[in-house]
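As structure tokens, the structure follows; a few thoughts come after it.
What follows is calculated from the coordinates using simple rules that are stated; it is not laboratory data. Note that the coordinates shown come from a computational prediction; the quantities given were computed from them, not determined experimentally. Virtual Cβ from ideal backbone geometry, glycine too; neighbours counted across all protein chains shown.
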Amino acid sequence: MDQERLNQLPWEQVEQLLQTKNWMDLSEEQKNLVGPYFSEQEYMEARHLLLQTSDLFKAERNLPQKPKLPWARLPYGLVAAAALTLLISLGYLILPEQQKSMAYSSTEEVKEAQPEEQRSKLSSPVQQESAPNLGSQSTLLKQKSETASSSPMEASNLNTEVYPMDGVEEEQDNRVERVRKSTHAAGHQHESPTPTASGAIPMVRDSIWKNDTLWLLIKTPHGDDSLLPAMNSKGKVWTRN
Amino acid sequence: MKVISMWWKTKTDEPEDEELMSGVLNKNHPDFQRLYQRHKQSLVSFLLRMHPGQMELVQDLAQETFARVWEKPHLFNPEYRFKTWLFTIASNLSKSEWRKMQIRNQVHAQGIKAEDVKQGNNELGADVQADLNAFSQSLQEALLQLDEAHRTVFLLRYQQEFSIREISEVMELPEGTVKSRLFYSVKKLGGMLQHLKPTY
């Protein structure tokens with residue numbers, strides 16, 4: 001078909017006819033409109049395509065959530081914890097603070113299982129917040145104390161409030177803001193570069209559950225705060241369901 | 001009656017995307033999350049048709065799209081619909097991914113599983129459902145016969161229900177070109193799927 005005719009294609013009108021009328025139902029005028037572009041057979045093929053496409057895409061929009069796969073039934077915290085622990089142990093992430101709200105099971109049991117000397121470390125100001133149940137408590141403790149000792153100025157500016165387990169959901173927005181302020185303040189006050197400030201690795205500043213989705217507040221190597229949904233190794237967003 | 005009026009109030013109180021974007025501009029996380037929840041499904045559906053059978057890649061592209069919304073909200077022009085901008089980002093990311101894949105020659109023709117459609121249509125009759133399943137599979141294969149530009153135009157128009165003007169904005173093309181691409185796509189796909197006439 002020549003380009004000149006294509007340029008004059010009244011597509012909206014042709015499309016409307018395709019979606020509403022069979023070839024046999026077209027008036028002479030309408031046939032003259034679509035005639036230069038479609039034969040009768042092509043018209044009906046295109047009509048069937050648009051009708052079926054419309055039904056298909058409507059159906060897809062109404063898709064319910066798929067039933068959970070067995071692995072998806074694992075406690076969300078366990079999956080998140082395993083991934084975070086792996087990242088920390090590989091040195092990709094540093095958690096300068098952990099929050100109580102992440103813990104989905106009692107941290108008291110973990111504390112009781114720890115030796116006295118480790119428990120005493122928890123009593124320092126920086127470590128007031130109980131760590132999330134990430135499976136490897138000792139790794140996190142080590143990580144935390146390393147962070148605190150390597151950057152005392154930053155440590156002094158860390159958000160050290162202890163958040164109650166109740167009302168965590170309502171607190172989340174305020175917490176993100178507080179952490180952001182705390183991060184901002186820390187970034188301005190200390191001179192010695194932290195791993196993040198040196199541009200080496202991103203740093204997780206906080207993590208929150210919101211509408212059943214896990215979000216990470218990350219300080220990028222450029223020093224900006226970025227809030228991103230956490231993903232598992234398959235690139236799926238972590239959700240509670 | 002009271003329930004209906006409450007529902008209507010709730011519905012009309014729902015902020016528009018563009019209002020939420022002004023919140024995102026001020027790094028308001030709940031506003032961003034609302035946009036994410038509102039559009040993630042349609043974005044994933046679109047990307048899944050562009051990159052069939054590659055759920056991991058699709059999730060990555062969707063995440064990257066929303067990450068850019070969060071990181072660069074100042075690039076949004078409030079004169080246009082938010083969804084147009086969102087799909088412009090996604091479409092560009094998808095395009096560059098498509099080019100990479102062409103270079104690697106790793107394009108695999110994989111259809112969306114028939115069960116995906118089946119699950120959502122319990123209320124439909126068995127015949128209709130069977131038709132849709134067969135059609136979904138065949139459409140996916142036929143879409144892969146189109147080049148990336150024609151496929152994008154087709155999906156934006158018929159899956160995402162964008163206007164021709166919006167598609168021309170997303171793809172930075174004259175409206176005439178969008179129309180001729182739609183014509184070409186519909187004609188070609190219609191011919192390829194002519195054996196699948198609906199029985200309803």
Next item on the list: About the Cα centre of the stretch B:12-108, how large is the charge dipole given +1 on each Lys and Arg Cβ and -1 on each Asp and Glu Cβ? Please answer in debye to the nearest 20.
Entry: 560 debye
Check: Which listed residue (B:158, B:195, B:173) has the Cα farthest towards the positive end of the charge dipole for the stretch B:123-195, taking +1 on Lys and Arg C-beta and -1 on Asp and Glu C-beta about the Cα centre?
Finding: B:173
Notebook entry, point to check: Once the Cα atoms of the stretch B:123-195 are picked out, what are the Rg and Dmax in Å?
Noted result: 13.8, 43
Next item on the list: Extending each Cα 7 Å along its Cβ direction at residue B:92 and residue B:177, get the distance between those two points in nm, one decimal.
Entry: 1.6 nm
Check: How much length, in nm to one decimal, is gained on full extension between residue A:78 and residue A:240, taken as 0.36 nm per residue of separation minus their Cα-Cα distance?
Finding: 57.2 nm
Next item on the list: State the extension gain, in nm to one decimal, for the chain segment bounded by residue B:99 and residue B:77, taking 0.36 nm per residue of separation less the distance between their alpha-carbons.
Entry: 5.2 nm
Item checked: Global geometry of the stretch B:12-108, whether rounded, prolate or oblate, following the gyration tensor of its Cα atoms and the 1.5 cut on a/c -> prolate
Margin query: Residues of the stretch A:38-64 with the amide nitrogen closer than 20 Å to a label point 7 Å from the Cα of residue A:22, along Cα-to-Cβ, please.
Written below: A:38-55
